[in-house]
Amino acid sequence: MHVTKFPKASWIITVHGATDGSNKTGAPTLVNDFFVTSTNTVTSIRIPKGLKLRILDLEFLCGGYMTDWRIDYTLDITAGSPTWVPILDNANVQRLYSKMQKLVVGPSLDGKLAIRFFWTQVTQDDDSKVNATIELYEDKDE
Amino acid sequence: MNDLMNVVDENGLVNIGHPLVLWFPFNNTVVPLLVKNRRNFGYEKFDYGKLTGYTPASAPATAGCIHQQTNITEQVFAYSRLEPSLSPDMFYHSDDDTVIHANMHVRPEVLRIFTRVPKGTAQQDFRGQIASDDLGLEIEFGYKRGFAELVYPPKIKWGVVLSNETNIDLMTYVSFNYAHYGTEFISCPDVILGILKGRIQSHMAPVGGNVELTNFNEMLKLLHAKPVPLLPFYERDDVSLQKIRNALGGS
């Protein structure tokens, strides 16, 4: 007898963020059509328990001034002050792009794992941007 | 191109002329039905859209939005274009010899999907622990993500609960691939035996979990059907055949 077997869950979205022009460092507010941001802005992405996250495409753009973009993770987004650890840093752009396709975060062991983008500038501007295509997914062997 | 010789099409819906086997886990019986026709053949897509039947009580009170770290209340699929008696739950029906088969796709696919049959009951349990609504965010079992198969025989209501474990208030988008079947109960013991032993291709769809269905007998009446026990594959055919005949009320 045939039974329905659906594909493993996979949510692919493109998020956009930008520096704010007033701070030399910060996590950009991320936007996507599925994000309802009228009350809560999105500056990080929490990965549900058992899921992984991978970056399928990534673009860091510098505006008027040099911007050091990086990707951070934390093991506990619920902490009052989460400890953010850099995964990728565009201080060496060539290295960043060579590793980008292999970047997998997770699986989230307890549903508290999260990532964010983060900028550092010597002089602030409001037109440095990050565009990333992200997949949150159930791995095929899980 | 859809190959009608296959039991199901590319959307997982049963092709005309093939058996759909409703499986009721609570009593481990099946009801084998022949799919005689599909009213919407070739037009299976139903873009339901945002789950606007749900509006959060607190801000952002946007219809169809599920707040971060929350469950929504149990939902059915209302559809205002239908006449008032049908619009509150667009797949629920009381039509005889009819089954609606809806393969649901819930975006974002990270949301947990808990199905409830009969509506209002958490039927998935692990050794007595129920996957109840209030545990929707933290329970370790009893949910799916992205897709769920909903099969609506007459008089059976499904409810759906969604949970958002992320830290983002998320808008929902629901779509279906559905088929509106005209069915006929398969009453021939030899054919049922062939289906249950895997000699005749069929599609088996679970209806509910471990909770007894309300309206089960009414459903059987409207399908002109009798439940048949699932049989061991290894059992001798003459033994199985007798069990099927007994279930059908024959000798």
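The values are calculated or read from the model by the stated rules, or taken from the named source; none is laboratory data. Here the structure is a predicted model, which is why all the values come from computation and not from measurement. Note that each Cβ is placed from the backbone with ideal geometry, even for glycine, and that neighbours are counted across all protein chains shown.
Can you name the residue in region B:6-18 that is within 13 Å of chain A (Cβ to nearest Cβ), among the aliphatic types (A, V, I, L, M) and assigned to a loop (DSSP other than H, G, I, E, B) and, of all such residues, is farthest from B:Tyr178 (Cα to Cα)?
Looking at residues that are within 13 Å of chain A (Cβ to nearest Cβ), among the aliphatic types (A, V, I, L, M) and assigned to a loop (DSSP other than H, G, I, E, B), I get B:Val7.
Tell me which residues, restricted to region A:45-63, are of a type outside the set (D, E, K, R) and more than 11 Å from A:Gly17 (Cα to Cα).
Within region A:45-63, A:Ile45, A:Ile47, A:Pro48, A:Gly50, A:Leu51, A:Leu53, A:Ile55, A:Leu56, A:Leu58, A:Cys62, A:Gly63 meet the criteria.
Considering only region A:49-69, how many residues are closer than 30 Å to B:Glu138 by Cβ and either free of Cβ contacts under 8 Å to residues at least 24 places away in the same chain or within 14 Å of the chain's Cα centre (by Cα) (or both)?
Number satisfying all stated conditions: 5.
Out of region B:193-237, which residues are aromatic (Phe, Trp, Tyr) and modelled with pLDDT under 90?
Of everything in region B:193-237, just one residue is aromatic (Phe, Trp, Tyr) and modelled with pLDDT under 90, namely B:Phe233.
Which pairs have Cβ atoms under 6 Å, sit 6 or more apart or on different chains, and link a residue in region B:169-183 that is under 22 Å from A:Thr29 (Cβ atoms) to one that is of a type in the set (Ser, Thr, Tyr)?
none
Check whether at least one residue in region B:119-135 is in contact (Cβ under 8 Å) with a residue 60 or more places away in the chain, under 13 Å from B:Thr70 (Cα atoms) and either of a type outside the set (Gly, Ala, Ser) or not in a strand (DSSP E or B) (or both), and report yes or no.
yes
Of all residues in region B:147-194, which are assigned to a strand (DSSP E or B), within 12 Å of another protein chain (Cβ to nearest Cβ) and touching a Phe, Trp or Tyr at 6+ places or on another chain (Cβ under 9 Å)?
B:Phe147, B:Ala148, B:Glu149, B:Leu150, B:Val151, B:Ser163, B:Leu170, B:Met171, B:Tyr173, B:Asn177
Regarding region B:41-62, can at least one residue be identified that is among the small types (Gly, Ala, Ser), crowded, with 16+ Cβ neighbours inside 10 Å, closer than 21 Å to B:Phe114 by Cα and touching a residue at least 60 places away in the same chain (Cβ under 8 Å)?
no
Hey, any hits in region B:119-140 for a residue that's within 14 Å of the chain's Cα centre (by Cα), buried (at least 19 other Cβ atoms within 10 Å of the Cβ) and either within 12 Å of another protein chain (Cβ to nearest Cβ) or at pLDDT 90 or above (or both)?
no
For residues that are touching a Lys or Arg at 6+ places or on another chain (Cβ under 7 Å) and either at pLDDT below 90 or buried (at least 18 other Cβ atoms within 10 Å of the Cβ) (or both), tally how many sit in region A:123-136.
Number satisfying all stated conditions: 1.
Being farther than 30 Å from B:Pro206 by Cβ, assigned to a loop (DSSP other than H, G, I, E, B) and at the interface with chain B (Cβ under 9 Å from one of its Cβ atoms) is the filter here, so list the residues in region A:1-42 that pass it.
Passing the criteria: A:Leu30, A:Asn32, A:Asp33, A:Val36, A:Thr37, A:Ser38, A:Thr39, A:Asn40, A:Val42.
Which of the residues spanning region B:192-251 are under 20 Å from A:His2 (Cα atoms) and either of a type in the set (Val, Ile, Thr) or in contact with an Asp or Glu (Cβ under 7 Å, 6 or more places away or on another chain) (or both)?
B:Ile192, B:Leu193, B:Ile195, B:Ile200, B:Ala205, B:Val207, B:Val228
Quick one: which residue in B:Val99, B:Val21 is within 12 Å of chain A (Cβ to nearest Cβ), buried (at least 17 other Cβ atoms within 10 Å of the Cβ), under 20 Å from B:Leu222 (Cβ atoms) and hydrophobic (A, V, I, L, M, F, W, C)?
Of B:Val99, B:Val21, the one residue that is within 12 Å of chain A (Cβ to nearest Cβ), buried (at least 17 other Cβ atoms within 10 Å of the Cβ), under 20 Å from B:Leu222 (Cβ atoms) and hydrophobic (A, V, I, L, M, F, W, C) is B:Val21.
Scanning region B:209-251 for residues that are within 20 Å of B:Gln123 (Cβ to Cβ) and polar (S, T, N, Q), which turns out surrounded by the fewest Cβ atoms within 10 Å (Cβ to Cβ)?
Looking at residues that are within 20 Å of B:Gln123 (Cβ to Cβ) and polar (S, T, N, Q), I get B:Asn217.
What residue, of B:Asn71, B:Asn28, B:Asn103, is within 30 Å of B:Arg127 (Cα to Cα), of a type in the set (S, T, N, Q) and in contact with a helix residue (DSSP H, G or I) (Cβ under 9 Å, 6 or more places away or on another chain)?
Matching residue, one of B:Asn71, B:Asn28, B:Asn103: B:Asn71.
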